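Notes for the one structure printed next.
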Amino acid sequence: MILKEFGFRTSIWTVNKHKTKWNEALRLTINGFKMMEKWNKEIGFSNPKNINKLKKLKILE
């Protein structure tokens, strides 16, 4: 996985979506506070909801 090549700790798993037309979906998580800081520094967030959460956690000012 490309994120692991760049030093991110991640988890990925399959989720069954019985109520939708999709048979299954993949979920990806970035694990840990330091990984969230790394993501913000190297990639960043554009969704205002996520930016506000980072401000509450004092990752962004």
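What the table shows:
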quantity: Unmet requirement for Phe8, which otherwise passes all of (1) assigned to a strand (DSSP E or B); (2) at pLDDT 90 or above; (3) not charged (D, E, K, R); calculated: (1)
quantity: Count of residues meeting criterion [among the polar types (S, T, N, Q), at pLDDT below 90 and out of contact with any helix residue (DSSP H, G or I) (no Cβ under 7 Å at 6 or more places or on another chain)] in segment 30-51; calculated: 2
quantity: From the options Lys55, Lys17, residue that is at pLDDT 85 or above and either touching a Gly at 6+ places or on another chain (Cβ under 7 Å) or surrounded by 10 or more Cβ atoms within 10 Å (Cβ to Cβ) (or both); calculated: Lys55
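The values are calculated or read from the model by the stated rules, or taken from the named source; none is laboratory data. As the structure is a prediction and not an experimental result, all values here were calculated from the model. Cβ: placed from backbone, ideal geometry, glycine included. Neighbour counts: every protein chain shown.
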